[in-house]
């Protein structure tokens with residue numbers, strides 16, 4: 001059952017990552033337009049910096065949970081040569097559980113911050129773009145990352161088959 005949920009969840013996160021890719025493509029078009037407007041017409045696009053800043057928050061928010069579920073982050077096998085298999089399972093469980101707690105707190109606090117921003121109408125300086133949708137995206141991303149870490153913690157508790165030796 002956990003495997004079925006993880007496969008479904010991975011598909012959802014892949015779609016979210018594709019959405020982040022579309023935002024990245026739009027950002028590339030915006031940057032090209034801004035460069036051309038500045039150098040060819042002497043009129044830079046006002047607010048391009050703000051739009052870049054807000055788009056980058058969406059790109060990271062959309063890609064982070066998918067990168068986590070695909071194990072695309074850097075990891076270090078510092079203790080794997082010294083610990084036996086059961087100890088490694090508990091170490092992996094502990095690391096993922098602690099990460100889930102930290103990311104869960106981050107998601108909760110980010111959500112509260114986004115609600116406050118919505119409440120007092122926080123907007124960007126130049127273009128007056130509301131910031132709360134981007135803040136909610138970060139909170140949701142942290143929540144999705146928390147789910148990935150919980151899944152990893154649960155999987156770490158499963159007994160694993162010993163690696164098979166390769167035969168020449």
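The values are calculated or read from the model by the stated rules, or taken from the named source; none is laboratory data. The model shown is predicted, which means the values in this text are computed figures rather than measured ones. Because the Cβ atoms are built from the backbone with ideal geometry, glycine has one as well, and the counts that use them run over all protein chains shown.
Of the conditions (1) exposed (fewer than 15 other Cβ atoms within 10 Å of the Cβ); (2) in contact with a strand residue (DSSP E or B) (Cβ under 9 Å, 6 or more places away or on another chain); (3) modelled with pLDDT under 95, residue 130 satisfies every one except a single condition; which number is it?
(3)
What is the residue count in the range 62-93 for residues that are within 21 Å of residue 104 (Cα to Cα), in contact with a helix residue (DSSP H, G or I) (Cβ under 7 Å, 6 or more places away or on another chain) and either assigned to a loop (DSSP other than H, G, I, E, B) or without any contact (Cβ under 8 Å) to a residue 60 or more places away in the chain (or both)? Quick ask: steps written out before the conclusion?
To start, the set of residues in the range 62-93 that are within 21 Å of residue 104 (Cα to Cα) comprises 62-75, 90-93.
Checking which are in contact with a helix residue (DSSP H, G or I) (Cβ under 7 Å, 6 or more places away or on another chain) leaves us with 62-66, 68-69, 73, 92-93.
From the residues that got through so far, the ones that are either assigned to a loop (DSSP other than H, G, I, E, B) or without any contact (Cβ under 8 Å) to a residue 60 or more places away in the chain (or both) too are 63, 66, 73.
Final tally of qualifying residues: 3.
Within 21 Å of the chain's Cα centre (by Cα) and at pLDDT below 95 - does that describe any residue in the range 79-92?
yes
Tell me, yes or no, whether the range 94-111 has at least one residue that is surrounded by fewer than 13 Cβ atoms within 10 Å (Cβ to Cβ) and in contact (Cβ under 8 Å) with a residue 60 or more places away in the chain.
no
For residue 118, state whether it is assigned to a helix (DSSP H, G or I), under 25 Å from residue 52 (Cβ atoms), modelled with pLDDT of 95 or more and touching a strand residue (DSSP E or B) at 6+ places or on another chain (Cβ under 9 Å).
It is true that residue 118 is assigned to a helix (DSSP H, G or I), under 25 Å from residue 52 (Cβ atoms), modelled with pLDDT of 95 or more and touching a strand residue (DSSP E or B) at 6+ places or on another chain (Cβ under 9 Å).
Here are some conditions: (1) in a helix (DSSP H, G or I); (2) loosely packed, with under 15 Cβ neighbours inside 10 Å; (3) touching a helix residue (DSSP H, G or I) at 6+ places or on another chain (Cβ under 8 Å). Residue 13 meets all but one. Which one does it not meet?
(2)
For the range 62-93, which positions are surrounded by 13 or more Cβ atoms within 10 Å (Cβ to Cβ) and under 29 Å from residue 134 (Cβ atoms)?
Residues satisfying the conditions are 62, 63, 64, 65, 66, 67, 68, 69, 70.
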